[in-house]
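The values are calculated or read from the model by the stated rules, or taken from the named source; none is laboratory data. Worth saying up front: this structure is predicted, and the values here are computed from it rather than measured. Quick reminder, even Gly has a Cβ in these numbers, built from the backbone with ideal geometry, and neighbours come from all protein chains shown. Ligands, DNA and RNA are excluded from the accessible area calculation, which covers all protein heavy atoms including side chains. Shrake-Rupley method; radii C 1.70, N 1.55, O 1.52, S 1.80 Å.
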Protein chains: 2
Amino acid sequence: MLRWAKAGERVVIGSRMQQKAEDAAKKARDILGPNASVTGMENPKAAAAADIIVMSVPFAAHVDMIKSVAERVTPDDLFIDVVVPLSTAVGGGASTALGVWEGSAAQQAVRLLPPHTKVASAFHNVVSEALQNLNKDVDCDIIVCGDSRETREAVMKLAEEIPGVRGVDGGRLENSRIVEQITALLIGINIRYKVSEAGIRITGLPPRS
Amino acid sequence: MLRWAKAGERVVIGSRMQQKAEDAAKKARDILGPNASVTGMENPKAAAAADIIVMSVPFAAHVDMIKSVAERVTPDDLFIDVVVPLSTAVGGGASTALGVWEGSAAQQAVRLLPPHTKVASAFHNVVSEALQNLNKDVDCDIIVCGDSRETREAVMKLAEEIPGVRGVDGGRLENSRIVEQITALLIGINIRYKVSEAGIRITGLPPRS
């Protein structure tokens, strides 16, 4: 979010409570300076105000949060699900994942959103610490899944506004189950290697044009 | 296999038929020259002759193949499962995977092998073309899963005999379900990007000592 505001996007932070959203927005503006456009609103209002909705919550809150904004989402909006079904949602560890009936958190979102919503999933494999440290490029690829190529390309472009990031076309939304679970694997790798920002890069792709 | 023989390991190629195994071994020796130690044997004999058994077959043949060698595997052996449960096993596409009751192909192997067999899973995410082109380093990490650290380290060391490869500790064997499914994701990426050797690298790890 900081990264996108820094790149010149207008950002609306949503929260369950208006005051918390405004506080978070003020904190972001303090970091970014007066030219950044960051405001805060209650979730449904934020969803109504935005063209691109980024859903980033713990898995335990995923269903409720989508239900709370679903009727504000229009077919022109782009809905990006970042949520990973980590076992922490049920008191387990962060290095294991839950199976989701629909296949993935992102496919669960499809079921809860209005028909024809453009849903993509992305940004699962990059830790917020890496995104928030504005002094350092992010060293990972963002694999983007979604059922239309147009949607995936829009999200890949958005991803590449973040310095260091390359968007990778991950194919249909059903593949999100793999990309989401990679997060659990990376959390385990962080623990074993005593690091905090393990990510992934895809090798063997053509040079970027 | 070529890579390990080139690195000086003694390699035994197993096949259902003695003649096919010998032919494959001869082909390898023709490529590698007279100093390479590559022989061919029927699968059970090959398993008995080897200290490290690498199981690389289509998923449809996985159970039968393990059953055919299981009684030749001893607790001193290291069994490395490379098999990915691609949907091709049941007539589906290579960019999707099957769910395996035990969690992963590697865990299925544990169930079929003698108790106390040291089982690891690795090498899922590197295509054989990349391994067979001896003129080019392999540009990917090999994520190794297994229930003992000692086993994982032995396999990581073996992986790193291949120029360009870095072994990454993937944790317990149960994580193999994620690593195996990454292969399906990479096959889809190969198709979409019209390449053939997409692999992965883990970023954010400490420099290698």
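Can you pull out every residue in region B:194-204 that is closer than 19 Å to B:His124 by Cβ and either more than 7 Å from chain A (Cβ to nearest Cβ) or of a type in the set (A, V, I, L, M) (or both)?
Those that are closer than 19 Å to B:His124 by Cβ and either more than 7 Å from chain A (Cβ to nearest Cβ) or of a type in the set (A, V, I, L, M) (or both): B:Val195, B:Ser196, B:Ala198, B:Ile200, B:Ile202.
List, please: which pairs have Cβ atoms under 6 Å, are six or more places apart or on different chains, and start with a residue in region A:73-90 that is among the acidic types (Asp, Glu) and end with one that is surrounded by fewer than 24 Cβ atoms within 10 Å (Cβ to Cβ) and part of a loop (DSSP other than H, G, I, E, B)?
A:Asp77/A:Asp51
Inside region A:62-88, can you point out the residues that are of a type in the set (A, V, I, L, M, F, W, C), surrounded by fewer than 17 Cβ atoms within 10 Å (Cβ to Cβ) and out of contact with any Leu (no Cβ under 6 Å at 6 or more places or on another chain)?
A:Val63, the sole residue that qualifies.
Residues in region A:3-18 that are surrounded by 15 or more Cβ atoms within 10 Å (Cβ to Cβ) and under 16 Å from A:Leu134 (Cα atoms): how many?
5
Taking A:Ile191, is it within 26 Å of B:Glu180 (Cβ to Cβ) and either buried (at least 22 other Cβ atoms within 10 Å of the Cβ) or more than 9 Å from chain B (Cβ to nearest Cβ) (or both)?
Criteria not met by A:Ile191.
I need a count of the residues in region B:112-146 that are touching a residue at least 60 places away in the same chain (Cβ under 8 Å) and more than 16 Å from B:Arg201 (Cβ to Cβ).
4
Would a scan of region B:80-102 turn up a residue that is touching a His at 6+ places or on another chain (Cβ under 7 Å) and more than 30 Å from B:Gly33 (Cα to Cα)?
Within region B:80-102 (the criterion being touching a His at 6+ places or on another chain (Cβ under 7 Å) and more than 30 Å from B:Gly33 (Cα to Cα)), the answer is yes, since at least one residue qualifies.
Report whether or not A:Ile31 is at negative phi and under 16 Å from the mean Cα position of the chain (by Cα).
no
Identify the single condition in (1) under 18 Å from A:Leu185 (Cα atoms); (2) within 17 Å of the chain's Cα centre (by Cα) that B:Gly103 does not satisfy, given that it satisfies every other one.
(2)
Looking only at residues that are more than 14 Å from chain B (Cβ to nearest Cβ) and either crowded, with 18+ Cβ neighbours inside 10 Å or touching a Gly at 6+ places or on another chain (Cβ under 9 Å) (or both) in region A:113-141, which one is farthest from A:Gly188 (Cα to Cα)?
Of everything passing the filter in region A:113-141, A:Thr117 is farthest from A:Gly188 (Cα to Cα).
So, in region A:96-111, of the ones that are touching a residue at least 40 places away in the same chain (Cβ under 8 Å) and in a loop (DSSP other than H, G, I, E, B), which residue ends up surrounded by the most Cβ atoms within 10 Å (Cβ to Cβ)?
Within region A:96-111, the match that is surrounded by the most Cβ atoms within 10 Å (Cβ to Cβ) is A:Ser104.
Answer with yes or no whether B:Arg201 is under 25 Å from B:Ser95 (Cα atoms), in contact with a helix residue (DSSP H, G or I) (Cβ under 9 Å, 6 or more places away or on another chain) and open to solvent by 10 Å² or more (accessible area, probe 1.4 Å).
no
Kindly indicate whether any position in region A:36-58 is surrounded by 16 or more Cβ atoms within 10 Å (Cβ to Cβ), charged (D, E, K, R) and either more than 19 Å from A:Ala159 (Cα to Cα) or in contact (Cβ under 8 Å) with a residue 40 or more places away in the chain (or both).
Taking every residue of region A:36-58 in turn, at least one turns out to be surrounded by 16 or more Cβ atoms within 10 Å (Cβ to Cβ), charged (D, E, K, R) and either more than 19 Å from A:Ala159 (Cα to Cα) or in contact (Cβ under 8 Å) with a residue 40 or more places away in the chain (or both).
Rundown of residues vs (1) closer than 23 Å to B:Leu112 by Cβ; (2) at pLDDT below 95, yes/no style:
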| site | (1), (2) |
| --- | --- |
| B:Gln18 | no, no |
| B:Leu32 | no, yes |
| B:Gly40 | no, no |
| B:Met65 | yes, no |
| B:Glu71 | yes, no |
| B:Asp76 | yes, yes |
| B:Val83 | yes, no |
| B:Leu86 | yes, no |
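Of the residues in region B:147-186, how many are within 12 Å of another protein chain (Cβ to nearest Cβ), of a type in the set (Val, Ile, Thr) and in contact (Cβ under 8 Å) with a residue 24 or more places away in the chain?
5
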